[in-house]
Amino acid sequence: MKQNKIAKVKPLIETRYLKLYEAEYENKVGDIRTWTIASRKDNETIQQKFFENKKDSPDGVIIAAYHKELKKIVIIKQFRIPLNSFVYELPAGLIDPGEDAKSTIGRELMEETGLKIVDIIKNRSIEQVYVSAGMTDESLAFTYCTCEGEVSDAYLEDDECIETLLVSQEEAVELITSKDKFDIKCYLLLQSFALLGEELFSEA
């Protein structure tokens, strides 16, 4: 079957953390169409990705953390400007220049929650997942890990309004039936933890 083919991608708007591009493509019946793409990547990287087959790399990390001592998962409740509201999320953040995903995971978990990573659960973690492919090419390294320590907001940046929550299996069951706002990744982790409990963070 014939598939859509992208002919060119041109930049529209560039800000510090987000860029907009317009992709021109020919659809499967031969019509020329355009699509607006939101991206974290600069124009040079976008051109290489679309037309030189350069391997895509994750823009950030998302962290599914389990506090083994307390037998609870770590989620956050963060105020998000686009929603003008708080939303339940997982700890996450962008990979800074010179960082790799592993170092970003440790930094972001500490900054947002005050907790320290103990072990990364490799058989559960995924190197790269896409968050909303109809709108953006943003991708994240989705990492399962164990952590330790006490929750603290001492490392938050000025713009971050974050409350850290440690959630038991029983509390996860209750939370997913609430009418609160959820990031989909957080909601799916809560669902899985409600069903599987500590087994979700095993190496088996």
Completion exercise
In degrees, nearest 10, the alpha-carbon axis of helix 101-113 is tilted away from the dominant principal axis of the alpha carbons of the chain by 50
Exercise for the section: Work through the residues other than Thr15 whose Cβ is under 12 Å from its Cβ and net out their charges, Lys, Arg +1 and Asp, Glu -1. Expected result: +1
Practice task
Report the relative contact order of region 5-51, percent, no decimals, based on alpha-carbon pairs under 8 angstrom and at least 6 residues apart.
Solution key: 32
Exercise for the section: Name the residue farthest towards the positive end of the dipole of the chain from the options Ala101, Ser85, Trp35, assuming +1 on Cβ of Lys and Arg, -1 on Cβ of Asp and Glu, about the Cα centre. Expected result: Trp35
Practice task
Quote the charge dipole size of the chain about the Cα centre in Debye, to the nearest 20; the model charges only the Cβ of Lys and Arg (+1) and of Asp and Glu (-1).
Solution key: 1000
Completion exercise
Ordered by number, the trypsin sites (Lys or Arg not before Pro) in region 106-204 that occupy a DSSP loop and have at most 10 other Cβ atoms within 10 Å are Lys122, Lys179
Handout entry: Net charge over other residues, Cβ less than 12 angstrom from the Cβ of Glu170 (K, R count +1; D, E count -1)
Key = 0
Exercise for the section: Please report, in whole Å, how far the alpha carbons of the chain spread along each principal axis, starting with the longest. Expected result: 57, 38, 35
Problem - Alpha-carbon Rg with Dmax, taken over region 5-51, Å - result: 11.2, 37
Exercise for the section: Starting from the Cα of Lys116, draw a straight line to each of the lysines and keep only those under 30 Å, dropping any in the same chain fewer than 8 residues away. Expected result: Lys41, Lys68, Lys71, Lys72, Lys77, Lys102, Lys181, Lys185
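Read-outs throughout are calculated quantities, based only on the coordinates presented, and are distinct from any laboratory measurement. As the structure is a prediction and not an experimental result, all values here were calculated from the model. Every residue, glycine among them, receives a Cβ derived from its backbone with ideal geometry; neighbour counts consider all protein chains shown.
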